[in-house]
1. Can you tell me the 0 to 90 degree angle between the C-alpha axis of helix 204-217 and the longest principal axis of the chain, rounded to 10?
2. Pick out, from Phe164, Phe253, Phe150, the residue whose Cα sits farthest towards the positive end of the charge dipole of the chain, with +1 on the Cβ of Lys and Arg and -1 on the Cβ of Asp and Glu.
3. Using Cα-Cα distances under 8 Å and only pairs 6 or more residues apart, what relative contact order does the chain have, in percent?
4. Cα-based Rg of the range 236-324 per 2.2 N^0.38 Å, rounded to two decimals?
5. Over the chain, with a single point scatterer placed on each C-alpha, what log10 of the ratio I(q)/I(0) does the Debye formula yield at q = 0.10, 0.12 1/Å?
6. Reachable lysines from Lys87, Cα under 20 Å, same-chain residues fewer than 8 places away excluded?
7. On the principal axes of its Cα set, how long, how wide and how thick is the range 1-145? Give whole Å, largest value first.
8. Pick out which of Ser323, Ser226, Ser16 has the largest mean-square fluctuation in a Gaussian network model of the chain, springs linking Cα atoms closer than 10 Å.
Amino acid sequence: MSNNLNLLFFLGRPLSPLYGLAMKVRENFYARGLFLRHSLPVPVISVGNLVLGGTGKTPTVRYLAEFLQAHGYNPAIISRGYHGKAKGSVNIVSDAGGILLGPEQAGDEPYMLARSLPGIPVLTGKRRIRPSRWAVEKLHADILILDDGFQHLAVKRDIDLVLFDGSVLAGNSRIFPGGVLREPIFALHRCNAFLLTGITDQNRNKAESFGKILQSRFADTPVFYSSIGRYELKDPRDVTVAEISAPGNKVFFGFCGIANPARFEESLKSLGIQLAGFMALSDHVDYKQSLVDDICARARAARATHLVTTEKDYVKIERLKVSLPLEILEIRARQERVFDEFILESLRTRS
């Protein structure tokens, strides 16, 4: 955690009780019906988190979409479209026919999901009930996945998943602006299951200890663990996938603008990818040609032969000129069989 962020949390700590109270009052208003909650005629799965920053929501949403499609469902993904410029009440990022909006209009994650899930509709809208209804009525979706939906209480859901990063866990366990929590811990009583993501040999013991704490406080809520299923190092313009264990004589310069850049850098190193340097950018960075040129200049100065970045970053620079060969590291989540069974059984009992 950066010194600037630590300072922000220190200064914001006196305001945390007020923010936490506001979130409790908001939840109570929804529970009492003072704020309207909308029901949909199809099952809804929410993928969200309690902690600010990345917890593996996008890989989990992608996994669920593919998993549900393989089991005969016609899923659609509903997102707020964070940082996307499309301001319609319903923005169709993609449908069965292909991608309709670029990353600037759609937002980073919705576009990345649309790009990696051909044939599965992705829609955005600030009031998510509107794209949800559109997906059901116009695109014939029979199940919806709410991306980053835990705090979006206006849409009722059948399965509420809360994710924690296996390394970060609950951070400093303080409520924003004094810490990383979006809501008080009490809010976790709303969820149906916990999913701890990015589990590795290095963080497994710590994550499992945290899982036991969750189980002791929320005894009826199961805890599942998600690890990295596979890595693929690939040229995004080519269908060829390189063997991670044998990346050849390439020397890479890594860069990314995600919530947890250190984890991406560690992933590269753990795979034996030779790094000449690494550049961590701010989350949701707005890539301009001047920034890409600077990255390439730094890479050359470090004697790198190739660049490597994440899928999320690539979708924002694919239309810019990159003067060095660029590859992306795709990371696929692997879920436990008991998690898959939980999803299917929950859908059966709620139908």
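1. 10
2. So the residue furthest toward the plus end is Phe150.
3. It comes to 18 percent, rounded to a whole number.
4. Relative to the rule-of-thumb radius for its length, the range 236-324 sits at 1.03.
5. Taken in order of the listed q values, log10 I(q)/I(0) reads -0.64, -0.94.
6. Lys126, Lys138, Lys316
7. Between the extreme Cα coordinates on each principal axis of the range 1-145 lie 51, 39, 30 Å.
8. Among Ser323, Ser226, Ser16, the largest GNM mean-square fluctuation belongs to Ser323.
All of the numbers you see were taken from the coordinates with simple rules; none came from a lab. Remember, predicted model here, so these are calculated numbers, not experimental data. Backbone-built Cβ (ideal geometry, glycine too); neighbour counts: all protein chains shown.
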